[in-house]
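Input: a single structure, listed below in structure tokens.
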Amino acid sequence: MRKQKTILVGWDGADWHIAKPLIEAGKLPQLADLVKNGASGPIQSLPPYLSPMLWNIISTGKHPAEHGIVGFTEFNPQTDRIQPMSSRSRKVKALWNMLSQTGRTAHVFGWFASHPAEKTNGICVAE
């Protein structure tokens, strides 16, 4: 039996009102193929519209208060400085952590707040 593979493609700031006409005009053939052979649709967002916060809702299934990524930066009391949010700031497991723990392969590329790259059962390329 062949293993099922899943790919989650995120396009930050994308809008179906723009993408659909481009797909229909034949200008986005790879996206058209993904839509035709997979699942797609709009998702509701949660204000404030801060990409690291929102992308970590997707990867963890948790509210920002639970996952810990609440914006682009955070205060580090040890250095008394503002620093970028990082994978160390996330308080819960992300999808790739859960997949890796069950022996599944997980490749992660350019996810918000993914630096430093985490060990996975696959590849992790931090943003």
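The values are calculated or read from the model by the stated rules, or taken from the named source; none is laboratory data. Here the structure is a predicted model, which is why all the values come from computation and not from measurement. Neighbour counts are summed over all protein chains in view; Cβ atoms, including those assigned to glycine, are modelled from backbone coordinates with ideal geometry. Heads up: the accessible areas ignore ligands, DNA and RNA and are worked out on the full protein's heavy atoms, side chains in. Shrake-Rupley method; radii C 1.70, N 1.55, O 1.52, S 1.80 Å.
Note down all Cβ pairs under 8 Å where the first residue falls in the range 29-47 and is in contact (Cβ under 8 Å) with a residue 40 or more places away in the chain, the second is open to solvent by 80 Å² or more (accessible area, probe 1.4 Å), and they're at least six residues apart or on different chains. So the pair list comes out empty. List every residue pair whose Cβ atoms lie under 9 Å apart, where the two residues are 6 or more positions apart in sequence or sit on different chains, the first residue falls within the range 1-25 and is farther than 12 Å from residue 40 by Cβ, and the second residue, located anywhere, is at pLDDT below 85. Pairs that qualify, where the first residue is farther than 12 Å from residue 40 by Cβ and the partner is at pLDDT below 85, are 15/42. Taking the range 101-115 as the range and being out of contact with any Asp or Glu (no Cβ under 7 Å at 6 or more places or on another chain) and open to solvent by 30 Å² or more (accessible area, probe 1.4 Å) as the test, the residues that pass are 101, 102, 103, 104, 105, 107, 109. Among the residues of the range 74-94, those identified as open to solvent by less than 80 Å² (accessible area, probe 1.4 Å) and closer than 25 Å to residue 48 by Cα are 74, 76, 83, 85, 86, 87, 89, 90, 92, 94. Does any residue of the range 106-115 turn out to be more than 18 Å from residue 10 (Cα to Cα) and modelled with pLDDT under 95? No, there is no match, as no residue in the range 106-115 is more than 18 Å from residue 10 (Cα to Cα) and modelled with pLDDT under 95.
Name the single residue, out of those in the range 28-48 being under 15 Å from residue 8 (Cβ atoms) and not aliphatic (A, V, I, L, M), that is surrounded by the most Cβ atoms within 10 Å (Cβ to Cβ). Only one residue tops the list, namely 40.
On inspection, residue 11 qualifies as under 16 Å from residue 112 (Cα atoms) and open to solvent by 100 Å² or more (accessible area, probe 1.4 Å).
So the check is Cβ under 7 Å with 6+ separation or different chains; which pairs have a first residue in the range 61-88 that's touching a residue at least 40 places away in the same chain (Cβ under 8 Å) and a second one that's of a type in the set (S, T, N, Q) and open to solvent by less than 70 Å² (accessible area, probe 1.4 Å)? From the range 61-88, the pairs are 69/56; 69/89.
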